[in-house]
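Below you'll find the structure, written out as structure tokens, and then a few comments.
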């Protein structure tokens, strides 16, 4: 009878240990899922900040001019910057470096020491197009490169 009792105690101990391990694993998985969801949501909000810019860049060119694509990027820069800062503050530090690299490639601010130069030349690469349509294509490509880089981090 004493032997039977010790088997029951061992079974109870193993059952409790298994339950505790299951609860711990479940909580850990739930925490990781929540963190991943938060990261994906922050990235989605960042990408959404570029929606209006992309709509403007895809709009037909009504009057041929020079620099409209540049103007669109410059006018929407404050929205993009705010989304970038929010994303950087939201994601874990292991993702921040990749996001910073993509952002620096996007705005090229690191190429100029003076604030005025940064603002003036930030998106000047889009002026490499022969006409406004090519400039808009370059701007769209530039935005898409940033968005895809952020998604991959």
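The label-point distance for residue 51 and residue 101, in a model that sets each label 7 Å from Cα toward Cβ, rounds to 3.0 nm. By definition, a body whose alpha carbon gyration tensor gives a ≥ b ≥ c is oblate when a/c is 1.5 or more and a/b is not larger than b/c, and the stretch 104-153 fits this oblate description. On the beta carbon distance between residue 75 and residue 35, with R0 = 25 Å, the FRET formula returns roughly 0.10. Extension gain, residue 125 to residue 90: 0.36 nm times the residue separation minus the Cα-Cα distance gives 9.6 nm. The C-alpha atoms of the chain define a longest principal axis, and helix 77-90 lies at about 20 degrees to it.
With axes computed from alpha carbons, what is the tilt in degrees of helix 132-152 against the longest principal axis of the chain, rounded to the nearest 10 within 0 to 90? The answer is roughly 20 degrees.
Both radii were evaluated on the Cα set of the chain; the Rg over Rh quotient, with Rh as the Kirkwood radius, amounts to 1.37.
Relative contact order for the chain: 29 percent, from Cα pairs under 8 Å spaced at least 6 residues apart, divided by residue count.
Every read-out reported here was derived from the displayed coordinates using simple, explicitly stated rules and does not represent laboratory data. What you are looking at is a predicted structure, and each value in this text was computed from that prediction instead of being measured. Cβ: placed from backbone, ideal geometry, glycine included. Neighbour counts: every protein chain shown.
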